[in-house]
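The values are calculated or read from the model by the stated rules, or taken from the named source; none is laboratory data. Bear in mind that the values here come from a model prediction, so they are computed numbers and not experimental data. Note that we place each Cβ from the backbone using ideal geometry, even for glycine, and neighbour counts take in every protein chain shown. Surface areas here come from the heavy atoms of the whole protein model, side chains and all, with no ligands, DNA or RNA. Shrake-Rupley method; radii C 1.70, N 1.55, O 1.52, S 1.80 Å.
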Amino acid sequence: MAPIKLLSVASEIYPLIKTGGLADVTGALPLALSAENVAVRSLVPGYPLVLAKVGQKNRQAELVQSFADLQGGSARLIAAHTDGLDLLVLDAPHLYGRPGDPYVGPDRRDWPDNAFRFAALAEVAMRIGQGLMPGFVPDVVHAHDWQAALSVALLHYAPGHRPGTVVTVHNLAFPGLFPAHLLHAIGLPAAAFTIDGVEYYGQISFLKAGLQFADRITTVSPTYAREILSAEAGMGFDGLLRARSAVLSGILNGIDEAVWNPENDPRIATRYTVETLAKRADNKAALCGRFGLGDNAGTPLFGVVSRLTAQKGLDLLLDALPMLLSQGAGLVLLGSGDRALEDGFQAAQAAHPGRVGCVIGYDETLAHLIQAGADALLVPSRFEPCGLTQLCALRYGAVPVVARVGGLADSVIDANEMALAADAATGVQFAPVDGDNLNAAIRRTIALFNHRLSWIRMQTNGMSTDVSWRKPASRYAALYREIATRH
Ligand code: ADP
């Protein structure tokens, strides 16, 4: 059978541009889908980093289309192949030609023209969906998060050919809200501004534009798919999601094992496998050296790799730190985000030199070393659609200590009595998410660490868990087959 032709639309794609897990997914899923007879092209904004990569490494970059006026300027669509990805890069300098973060300026505030920047992406996705490129007319358009979701509503309202559509919610906390008066400017008819359209409490929600009209809605774990049906986790979308629950499902993310594999990871100090687990000690020593910690060989070292936001629950960790240290454990943290949290962890480092280390920033190499060297990885999120760092931790033998929410609940097997007896445990879970339960989880983790046999078994179980994209990719492929419009 001819492969399904899929247009994937997202504002980030690893390894070209990444601020979080979204990029990991959109970068890895296309490669895994090739084994499922799905041919993917990925539409991505032409940020400077993306254009530099495409321009330098790829001599076959070809101009596919020109647009005289796309949201107030001329633009080009360039096809290129790099890092195993078939890309369609939207080169629109007036929208994307600025350095730094894709969403916020140097003052950390949203770029003021974000509505137009992502409406342009959606418009081009719609036009490709409708047959702009005769050589590639997609059977399915897959829009990731609010930055791409508007494309589904544009396809809904536009006359003409409509491919099957999927919207994936990577995080419902980002609804993509913009003032109502922009409706026309972003390509929607007046009729779209209703409760059954894109209206969200008096504003336009780009995410809702996708949730309302997509043939299928997915989110990145089965538990999060259930949680978002409740008022508590639904962020105001729960009513809509309940109404559309027949087409909503959760598919747990995988991780890219070509990038995350301790057996051949060039970013860590010493490579190892489940059979040579003892070599992890070299990575722990390197990690302690990098963070200026003393000899922690015999004591548990907790690691964190995270955005520093309220979602991630790291304020609870700051409160738990005195107890963690009193138990003889240490902490290394890599992250950036809210100023108060950045300051809090830096103050903790200053107060406990040699015991607490933190690097404020974004550093992929260091993220790998933390996974390879920390004994346990802490993820105390208040909510977590999937979470990828705990999947990486499983792969690297860092025991995940996680809040029992969303994808964290789906991917870690808690070391309760039965799981330990059955030799199935892979980590520690706690719930509800509050300071007392985090404290208890840290104490329990330290006790397990001191029971060497249980600990090594948990590491071994984790490293043997299938966290690849194979199963998720086959689920996405099955979903595409249900809705593909064949030509
Ligand atoms: P989210 O997408 O909510 O930020 P995830 O756990 O799904 O959280 O994905 C986070 C991804 O970003 C992981 O690949 C993680 O390693 C990476 N990451 C997060 N913060 C940093 C950082 N400061 N430096 C390097 N990588 C980071």
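Here residue 42 does not qualify as of a type in the set (Ser, Thr, Tyr), over 19 Å from the mean Cα position of the chain (by Cα) and not in a loop (DSSP other than H, G, I, E, B). Only a single item in (1) out of contact with any strand residue (DSSP E or B) (no Cβ under 9 Å at 6 or more places or on another chain); (2) modelled with pLDDT of 95 or more; (3) closer than 20 Å to residue 126 by Cβ is not met by residue 195, and it is number (3). For the stretch 1-31, give me each residue that is of a type in the set (Val, Ile, Thr) and either modelled with pLDDT of 95 or more or open to solvent by less than 20 Å² (accessible area, probe 1.4 Å) (or both). Selection gives 4, 9, 13, 17, 25, 26. Among the candidates 29, 33, 7, single out the residue that is under 17 Å from residue 255 (Cβ atoms), touching a strand residue (DSSP E or B) at 6+ places or on another chain (Cβ under 8 Å) and more than 16 Å from the ligand (Cβ to nearest atom). Selected residue: 33, the only one of 29, 33, 7 that is under 17 Å from residue 255 (Cβ atoms), touching a strand residue (DSSP E or B) at 6+ places or on another chain (Cβ under 8 Å) and more than 16 Å from the ligand (Cβ to nearest atom). For the stretch 407-418, filtering for residues that are over 16 Å from the mean Cα position of the chain (by Cα) and buried (at least 24 other Cβ atoms within 10 Å of the Cβ) leaves 2.
Got a sec? Which of 304, 359 is open to solvent by less than 20 Å² (accessible area, probe 1.4 Å), in the same structural domain as residue 381 (by TED's automatic domain parsing) and in contact (Cβ under 8 Å) with a residue 40 or more places away in the chain?
Numbers: 359 fails: open to solvent by less than 20 Å² (accessible area, probe 1.4 Å).
Being open to solvent by less than 20 Å² (accessible area, probe 1.4 Å), in the same structural domain as residue 381 (by TED's automatic domain parsing) and in contact (Cβ under 8 Å) with a residue 40 or more places away in the chain holds for just one of 304, 359, which is 304.
Residue 440: part of a helix (DSSP H, G or I) and modelled with pLDDT of 95 or more, yes or no? Spell out the reasoning first.
Working: part of a helix (DSSP H, G or I): yes; modelled with pLDDT of 95 or more: yes.
Spelling it out, residue 440 is indeed part of a helix (DSSP H, G or I) and modelled with pLDDT of 95 or more.
For residues in the stretch 386-406 being near the ligand (Cβ under 7 Å from one of its atoms) and part of a loop (DSSP other than H, G, I, E, B), which is surrounded by the fewest Cβ atoms within 10 Å (Cβ to Cβ)? Here the residue is 388.
What do you reckon, is residue 34 open to solvent by 50 Å² or more (accessible area, probe 1.4 Å) and assigned to a strand (DSSP E or B)? Taking the combined requirement at face value, the residue does not satisfy it.
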